[in-house]
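Colleague: I am attaching a structure below and will ask some questions about it afterwards.
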Amino acid sequence: IDTAASLGADIRILPAGFPHASGKTTNQFSVLYEWATSENLDALIIATGTIKIHLEPVEFLKKCARFSGMPIISLSIALPGIPSIMVDNRSGIREAVEHLVLTHGRRKIAFIKGGEQNDEANIRYQVFQETLAALSVPFFPELVFPGDFSPDSGKKAAELILKSGHKFDGLIIANDDM
């Protein structure tokens, strides 16, 4: 932000979600999308991975079409025809699993996933499974619990884990908010 300011740019960070998105915290900010026009902004950086979890891919692209004509950058999800800054979704999960297994000797690791529609969540889940296999640690599907990267889903997943009665000795959660 300091670099942008030194170049005369005025940066606005808007906590927004698309209209009709699921979840309590996203709908209250939907009005900001009505404000986000080329009359009010010179460019737009969309936290695509965060927003896309609430929408089907086709619906998400329709919503993004509203910003055509304005320079756009997508964070964390590649969108057709839009420059994207990609996130390394592999190394963090791989390092977390390796740490639990190699440093702490854990062998029965539970996992709280992100939403099925989220590309980042699917990559993280895949890497979780691949890393267990590479370390010759068994994968237990009954220790995989649903989430959607929101704090509420993390709480629900934790409740499911406790109610399940399944024993585990490590836990990996697919993002920081859960």
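The values are calculated or read from the model by the stated rules, or taken from the named source; none is laboratory data. Here the structure is a predicted model, which means the values were calculated and not measured. Positions of Cβ are backbone-derived with ideal geometry, glycine not excepted, and every protein chain shown enters the neighbour counts. The accessibility values were calculated without ligands, DNA or RNA, using every heavy atom of the protein model including side chains. Shrake-Rupley method; radii C 1.70, N 1.55, O 1.52, S 1.80 Å.
Colleague: Nearest 0.05, what FRET efficiency do GLU98 and ALA43 give at R0 = 35 Å with Cβ-Cβ as r?
Modeller: Result of the calculation: an efficiency of 0.35.
Colleague: Quick one: accessible surface of LEU14, probe radius 1.4 Å, all protein chains present, in square angstrom to the nearest 10.
Modeller: About 60 Å², ignoring ligands and nucleic acids.
Colleague: Using DSSP, restrict attention to beta bridges with both residues in the chain and report what percent are antiparallel, rounded to the nearest 5.
Modeller: Bridges in the chain that DSSP calls antiparallel: roughly 10 percent.
Colleague: Sticking with this one: Out of every Cα pair in region 108-178, what percent are spaced more than 14 Å from each other?
Modeller: 56
Colleague: Oh, and also: What are the ³J(HN,Hα) values, in whole Hz, obtained from phi via the Karplus relation 6.51 cos²θ - 1.76 cosθ + 1.60 with θ = phi - 60°, for each residue of region 68-74 in sequence order, with x given for Gly and Pro?
Modeller: For region 68-74, the Karplus-derived couplings read 4, x, 9, x, 10, 10, 9 Hz, x marking Gly and Pro.
Colleague: Any idea which of GLY81, ALA36, PHE140 is furthest toward the positive side of the dipole for the chain, if Lys and Arg beta-carbons carry +1 and Asp and Glu beta-carbons -1?
Modeller: Positive-most Cα among the choices belongs to PHE140.
Colleague: Which percent of the accessible area of the chain is formed by carbon and sulfur heavy atoms (probe 1.4 angstrom)?
Modeller: 56
Colleague: Here is the link list: LYS108/LYS163; LYS62/LYS156; LYS63/LYS155; LYS63/LYS113. Which ones come out longer than 20 Å on Cα distance?
Modeller: Result: LYS62/LYS156; LYS63/LYS155; LYS63/LYS113 exceed 20 Å.
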